[in-house]
Amino acid sequence: MSPRVLSFLGLSLLAAVSGRAQSADTVFVEAESFASFGGWKLDTSFTNIVGSPYLLAHGLGKPVADATGSVRLPAAGEYRVWVRTKDWVAHWNAPGTPGRFQLIVNGQPVATEFGTEGAEWHWQAGGKVTLPAGEVKLALHDLTGFAGRADAILFSKDASFNPPEGAALVAARSQWNSPKGPEDQGEFDLVVVGGGYGGMGAALSAARQSLKVAFLQDRFVLGGNGSSEIGVWAMGGTTRGKYPHLGEIIEEIGDRSPDSPGRVDSFGDDLKEKVVRNEKTLSLFLGHFATGVVMDGNRIAAVKAIDVKTGRERVFRAKFVADTTGHGWVGAYAGAKFTQEKDKRMGMSNMWFYQDAAQAVSWPATPWALPLELGDFPPLQKSKSKIDEKPFMKAEWFWESGFDQDPINGLEYIRDWNFRAIYGAFSALKNGPEAAKYAQSDLKWASHVGAREQYAKKFPENPFISRAAFGYVGADGKPTPAVDRRNGYPLPYRLFYSQNIGNLFMAGRHISVTHEALGTVRVMRTIGMMGEVVGKAAYLAVRENTDPRGVYQKHLPDLIKLMEQPGRMRRSDLRSELFLDTSIADFKELPVGKMNRDLTKGTPTKLSEEDAQEIAKLGGIVVDDAQAKLEGKWTEGHGLAHLGAGYHYAAGAGNRATYTFEVKDAGKYELRGYWQGHENRSANAALTINRAGEKPLTLRLNQKVGEIEKPVSLGKFQFAAGTHTLVLSTEGAKGNVQADAFQLILAD
């Protein structure tokens, strides 16, 4: 069924559902709309399959902290309750139910444990609860740490109500989340869907050609596979061959991680976002999943998307669209012609690593995981980098499966099979014949977001290990030389637009190539260069009032000229000349081979007058990171909520941020800290209070939690009149220490 037919069907079914579902007797809650996710992860990868993003208890065998929220009930009484979930190993009839969790209502768990039945997503009944009118507090309480999942919750007093599924649920969810209809975001020259390297290349390239760009990414970090969430380093040769300036834009944002997977801070998430947000004609929409299109003949008139936290629907009208999703979602919505080669599909990788702790670490039984033994998988490799001054053992990109599975509808099953492989392998280490050797091994990280010889003979129908082959065997069976890695080979521009959808560009692994070519063109830096070309071609299409094919047929020389220009070139409007933007670092000046965090040199951004005025409204004495003295290697960030122009973060020894302030009137002051909590932040950042006439006092700050709108009270202290300092340090801290702002308020 096409997306267009589905939308019409949904409207016809809405009348049968919404009359009761939107009554005072029935209330719907998206789990992803909870105020706090606690330790649960927001999983948007399978929105098209599940029908919605959902929360995932990805605790690596340790139960995660509760996700918490609330709902307002219009009337008191007895409610039936459902949670939309699944038993994620039931598809394989695996023993046990690893995804178990509870729903806690006003502090009391309902009788049913969820995630214990059903191989498919469904509304699992939770019995009845008696509730008051008004605000009711909710919590999702994980019981295992092994990938429990919750999509939505329903409460109903209506004895005849049955939760909708299928097309009826699509329609009902749309009405529940967007009762006034989709929000029109305006018209854009180019709508780019997908925030990986192809999307970043296309969005930045088009914006520097003066196009008005909407850039949609379903997650809250950019980089796709090359982000900290997935942890694949970006490979591929740039700035070489016939067009040596192609790739310069990508090198402004490309990671330089020494490991794959690697440290969270080695993938430069904040740098990517900073460079994108620096473009004045580019609007970035993080947390927006494209769910469909509006067609006008053979052209895409608009892209439809949902806010992944609220479910609110938005529409982005487009002159041109770039599908950079990797899966070809937008092309599928629009009815683009495609070919899928049988038995020559790419798999999905989920990488992981473990690290030795100071003491023995227990590991639970995993009877539902793949029953692996040592030798069923390759040994893990020692990292080049360190976390807390210690290396880690990593399982790389070849932990991949799904080669012969449905690459679209089977994505969640492929990821979950990878989970079973990861946990089965780690169980083989912890509980196998060499258990004593791995007694202190602690599973520290595994990607929950999916990003070649078939190693496990036990599972020939769905292997989970692949290998890369760098040569090519011809039809005659004779091997030919591998690709020239120094110069590469050129790709035709014709690969980057649709055969039948008039205004659709593509950049990513889903461009039109055979499986033989896919192995080389799918790497991220190469995909980023595709995006750079698409952005330039979109500019010509807008300027010349033509389509992507028209650029090839009538304006290819102009496109070639643009491809010969440095990445720092930009223009102020469609008809103006290109000029060199000297505010952008020259590619040759970038420290290739070093971490992106070295680029900022620790120099703080000057506090603008507008920022200073906003900070002054807080009252008391406020010192921002822009006013602090930074020592060591600090990275400037903008991706999280912050005060002032931004914030800085650092990890490892030798990093200090010194805040100096004047107290005019002696007295007792409450000290408050401002930072936005994040899972990669430190739970024990060191803050030393240096007061005149007093001994230094060091506090430990948990920066994994905190909201910028609600400063953290650090205590009340006596300050004499005069100059004092606060020193925020990474010494002894695990994870990134974040420097934003501190405030002193006279205590009562």
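The values are calculated or read from the model by the stated rules, or taken from the named source; none is laboratory data. If you're wondering where the values come from, they're calculated on a predicted model, not measured in any experiment. Every residue, glycine among them, receives a Cβ derived from its backbone with ideal geometry; neighbour counts consider all protein chains shown.
So residue 116 fits all but one of (1) of a type in the set (Ser, Thr, Tyr); (2) under 30 Å from residue 48 (Cβ atoms); (3) assigned to a strand (DSSP E or B); what number is the exception?
(3)
Pull up the range 69-99, narrow it to residues that are of a type in the set (Lys, Arg) and out of contact with any Phe, Trp or Tyr (no Cβ under 6 Å at 6 or more places or on another chain), then point me to the one that is farthest from residue 158 (Cα to Cα). Outline the logic, then answer.
Within the range 69-99, the subset of a type in the set (Lys, Arg) is 72, 80, 84, 86.
Narrowing further to those that are out of contact with any Phe, Trp or Tyr (no Cβ under 6 Å at 6 or more places or on another chain): 72, 80.
Details: 72: 17, 80: 8 Å.
Filtering first and then ranking leaves 72.
So which residues in the range 233-272 are charged (D, E, K, R), under 20 Å from the mean Cα position of the chain (by Cα) and farther than 20 Å from residue 637 by Cα?
259
Among the residues of the range 299-340, which ones are hydrophobic (A, V, I, L, M, F, W, C), modelled with pLDDT of 95 or more and either surrounded by fewer than 19 Cβ atoms within 10 Å (Cβ to Cβ) or in contact with a Lys or Arg (Cβ under 6 Å, 6 or more places away or on another chain) (or both)?
If the condition is that a residue be hydrophobic (A, V, I, L, M, F, W, C), modelled with pLDDT of 95 or more and either surrounded by fewer than 19 Cβ atoms within 10 Å (Cβ to Cβ) or in contact with a Lys or Arg (Cβ under 6 Å, 6 or more places away or on another chain) (or both), then 301, 302, 305, 315 are the ones that fit.
Exactly one condition in (1) loosely packed, with under 15 Cβ neighbours inside 10 Å; (2) outside the structural domain of residue 282 (by TED's automatic domain parsing); (3) not aliphatic (A, V, I, L, M) is not met by residue 296; state its number.
(2)
Return yes when residue 537 is modelled with pLDDT of 95 or more, within 30 Å of the chain's Cα centre (by Cα) and assigned by TED's automatic domain parsing to the domain that holds residue 237 and no when it is not.
Working: modelled with pLDDT of 95 or more: yes; within 30 Å of the chain's Cα centre (by Cα): yes; assigned by TED's automatic domain parsing to the domain that holds residue 237: yes.
Criteria met by residue 537.
If you go through the range 46-59 one residue at a time, do you hit one that is touching a Ser or Thr at 6+ places or on another chain (Cβ under 6 Å) and at pLDDT 95 or above?
Looking only at the range 46-59, we keep the residues that are touching a Ser or Thr at 6+ places or on another chain (Cβ under 6 Å), and these are 53.
Restricting the remaining residues to those that are at pLDDT 95 or above gives 53.
Scanning the range 46-59 turns up at least one residue that is touching a Ser or Thr at 6+ places or on another chain (Cβ under 6 Å) and at pLDDT 95 or above.
Which one of these is more than 15 Å from residue 73 (Cα to Cα), within 28 Å of the chain's Cα centre (by Cα), buried (at least 18 other Cβ atoms within 10 Å of the Cβ) and not acidic (Asp, Glu): 122, 141? Step through it out loud before you land on a result.
Details: 122 fails: buried (at least 18 other Cβ atoms within 10 Å of the Cβ).
Only one candidate qualifies: 141.
Do the conditions hold for residue 726, that is, is it outside any loop (DSSP other than H, G, I, E, B), within 32 Å of the chain's Cα centre (by Cα) and closer than 25 Å to residue 636 by Cβ?
Working: outside any loop (DSSP other than H, G, I, E, B): yes; within 32 Å of the chain's Cα centre (by Cα): no; closer than 25 Å to residue 636 by Cβ: yes.
Answer is no for this residue.
So which residues in the range 560-578 are in a helix (DSSP H, G or I) and surrounded by 16 or more Cβ atoms within 10 Å (Cβ to Cβ)?
Let us first name the residues in the range 560-578 that are in a helix (DSSP H, G or I), namely 560-563.
Residues satisfying the conditions are 562, 563.
Report every pair of residues separated by at least 6 positions or lying on different chains whose Cβ atoms are under 8 Å apart, first residue within the range 418-435 and under 15 Å from residue 353 (Cβ atoms), second assigned to a helix (DSSP H, G or I) and hydroxyl-bearing (Ser, Thr, Tyr).
Here the result reads 429/438; 430/438, each pair linking the range 418-435 to a residue that is assigned to a helix (DSSP H, G or I) and hydroxyl-bearing (Ser, Thr, Tyr).
Would you confirm whether or not the range 200-207 contains a residue that is over 20 Å from residue 310 (Cα atoms) and either in a strand (DSSP E or B) or not assigned by TED's automatic domain parsing to the domain that holds residue 269 (or both)?
Taking the range 200-207 and keeping what is over 20 Å from residue 310 (Cα atoms), we get 200-207.
Cutting the leftovers down to either in a strand (DSSP E or B) or not assigned by TED's automatic domain parsing to the domain that holds residue 269 (or both) gives us none.
Looking through the range 200-207, none of the residues is over 20 Å from residue 310 (Cα atoms) and either in a strand (DSSP E or B) or not assigned by TED's automatic domain parsing to the domain that holds residue 269 (or both).
Collect the residues in the range 46-58 that are in a loop (DSSP other than H, G, I, E, B) and touching a Leu at 6+ places or on another chain (Cβ under 7 Å), keeping them in residue-number order. It would help to see each step written out before you state the result.
So in the range 46-58, the residues in a loop (DSSP other than H, G, I, E, B) come out as 46, 51-53.
46, 51, 53, listed by residue number.
Residue by residue, here is whether (1) not in a helix (DSSP H, G or I); (2) not hydroxyl-bearing (Ser, Thr, Tyr) holds:
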position: 526; (1), (2): no, no
position: 529; (1), (2): no, yes
position: 535; (1), (2): no, yes
position: 540; (1), (2): no, yes
position: 546; (1), (2): yes, no
position: 549; (1), (2): no, yes
position: 552; (1), (2): no, no
position: 558; (1), (2): no, yes
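Do we have any residue at all in the range 159-167 that's in a helix (DSSP H, G or I) and not assigned by TED's automatic domain parsing to the domain that holds residue 43? First the steps, then the outcome.
Let us first name the residues in the range 159-167 that are in a helix (DSSP H, G or I), namely 166-167.
Of the ones still in play, those that are also not assigned by TED's automatic domain parsing to the domain that holds residue 43 are 166-167.
Scanning the range 159-167, I find at least one residue that is in a helix (DSSP H, G or I) and not assigned by TED's automatic domain parsing to the domain that holds residue 43, so the answer is yes.
Check residue 488 against each of (1) at pLDDT 65 or above; (2) more than 27 Å from residue 235 (Cβ to Cβ); (3) surrounded by 14 or more Cβ atoms within 10 Å (Cβ to Cβ) and name the one condition it does not meet.
(2)
Would you call residue 256 basic (Lys, Arg) and either at pLDDT below 95 or under 30 Å from residue 393 (Cβ atoms) (or both)?
Working: basic (Lys, Arg): yes; either at pLDDT below 95 or under 30 Å from residue 393 (Cβ atoms) (or both): yes.
For residue 256, the condition - basic (Lys, Arg) and either at pLDDT below 95 or under 30 Å from residue 393 (Cβ atoms) (or both) - is met.
Failed condition for residue 346, given (1) at pLDDT below 95; (2) in the same structural domain as residue 199 (by TED's automatic domain parsing), with all others met?
It fails just one condition, (2).
Would you point out the residue of the range 308-324, among those that are among the β-branched types (Val, Ile, Thr) and assigned to a loop (DSSP other than H, G, I, E, B), that is nearest to the chain's Cα centre (by Cα)? Give the steps one after another, and end with the answer.
First, the residues of the range 308-324 that are among the β-branched types (Val, Ile, Thr): 308, 310, 315, 321, 324.
Those still in the list that are assigned to a loop (DSSP other than H, G, I, E, B) too: 308, 310, 324.
Values: 308: 11, 310: 16, 324: 15 Å.
The residue in question is 308.
For the range 185-193, check the following and say yes or no: at least one residue is among the aliphatic types (A, V, I, L, M), surrounded by 21 or more Cβ atoms within 10 Å (Cβ to Cβ) and farther than 30 Å from residue 251 by Cα. Working first, answer last.
Start the filter on the range 185-193 by keeping residues that are among the aliphatic types (A, V, I, L, M), which leaves 190-193.
Among the residues that remain, those that are also surrounded by 21 or more Cβ atoms within 10 Å (Cβ to Cβ) are: 190-193.
Add one more test, that the residue is farther than 30 Å from residue 251 by Cα, and what stays is none.
Among the residues of the range 185-193, not one is among the aliphatic types (A, V, I, L, M), surrounded by 21 or more Cβ atoms within 10 Å (Cβ to Cβ) and farther than 30 Å from residue 251 by Cα, which makes the answer no.
Out of the range 608-661, which residues are polar (S, T, N, Q), crowded, with 22+ Cβ neighbours inside 10 Å and modelled with pLDDT under 90?
Residue satisfying the conditions is 635 alone.
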